[in-house]
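Worksheet: the structure to be examined is printed underneath.
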Amino acid sequence: MSIVQKNLAAFDNDDIVEAHLSRSMYTEANDFLLRSCLHEVENEMGQAVGLEKLSNYAPVMCAFAILDQMGSTYSDSSKQPYPDVNASGIKKALYYWAGYQPNGAETKALYSFRNGIYHDGSLTNRDNSGQWYIFRYKPGMGSPVALASKPWDGTAAGLGPSTQTLIDVRELVALARSVIDSVRGCFLNRRGDFSISKSKEEILHKYIFWAPRK
């Protein structure tokens with residue numbers, strides 16, 4: 001039975017995942033119209049990255065929201081489990097769906113960048129290990145992040161080009177999109193390797209909006 005013939009209450013895990021990962025604006029059930037917030041966030045990320053006044057913060061926040069959502073919900077069981085079961089969804093997404101090393105230097109830098117941006121809109125951050133980062137934007141790098149050539153000590157005297165970790169916002173947006181594509185590809189083509197960390201009810205209530213069909 002196709003989704004459109006089912007009532008929402010009869011959806012199984014695959015139906016809910018299909019609605020969550022759908023590229024369509026809406027998914028139709030027999031009794032409800034469903035709209036995934038993933039679709040909304042991805043769409044707004046794409047619009048914001050092209051707007052000069054919004055491109056420093058809005059697309060970055062959308063990209064990290066996508067990574068967190070994908071990494072905390074889905075994993076690829078063909079890979080070794082992430083070493084830290086309590087790691088953030090962002091770190092897990094980078095590992096399972098983007099080929100990054102578990103808690104590698106680039107992963108730690110991106111996660112520190114996310115924390116600085118999210119917590120207080122700052123382009124500096126000190127991680128839990130005590131390592132300081134100062135970030136600057138540099139378009140056209142060809143990768144989301146370029147590591148500083150030497151650690152920053154958190155002081156004004158230590159500031160300089162060599163201690164800056166560089167971020168390419170467009171590449172970060174492209175990374176988030178590629179993670180979505182990887183998740184969708186695994187779900188569609190390697191269903192046996194596709195693992196779901198949340199219940200269908202949690203996915204429905206966290207990530208999907210629905211309204212009765214008229």
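Things to note:
- In this rough spin-label picture, where each label sits 7 Å from Cα along the Cβ direction, the L147-D76 distance is 2.2 nm.
- Overall, segment 92-157 carries a charge dipole of about 100 debye about its Cα centre when +1 sits on the Cβ of Lys and Arg and -1 on the Cβ of Asp and Glu, all other atoms neutral.
- Number of Lys pairs (Cα under 24 Å; 8 or more positions apart or on different chains) in the chain: 25
- Structural descriptor for the chain: relative contact order 25 percent, calculated from alpha carbon pairs under 8 angstrom and at least 6 residues apart.
- Calculated from the alpha-carbon coordinates, segment 74-150 shows an Rg and a Dmax of 13.2, 37 Å respectively.
- Estimated FRET transfer efficiency (N86, R213; beta-carbon r; R0 45 Å; 0.05): 0.65
- Loop-located trypsin sites (Lys or Arg not before Pro) in segment 53-93 (DSSP state other than H, G, I, E, B) with a sparse environment of at most 10 neighbouring Cβ atoms within 10 Å: K53.
- Computing Rg and the Kirkwood Rh from the Cα coordinates of the chain gives a ratio, Rg/Rh, of 1.02.
- Debye intensity ratio I(q)/I(0), log10, segment 101-187, q values 0.23 Å⁻¹ (C-alpha model): -1.18
- Averaged per residue, segment 59-169 has 46 square angstrom of accessible surface, using a 1.4 angstrom probe with ligands and nucleic acids left out.
- Distance between the pseudo-spin-label points of D127 and L188 (7 Å out from Cα toward the beta carbon): 3.4 nm.
The values are calculated or read from the model by the stated rules, or taken from the named source; none is laboratory data. Remember, predicted model here, so these are calculated numbers, not experimental data. Positions of Cβ are backbone-derived with ideal geometry, glycine not excepted, and every protein chain shown enters the neighbour counts. Surface areas here come from the heavy atoms of the whole protein model, side chains and all, with no ligands, DNA or RNA. Shrake-Rupley method; radii C 1.70, N 1.55, O 1.52, S 1.80 Å.
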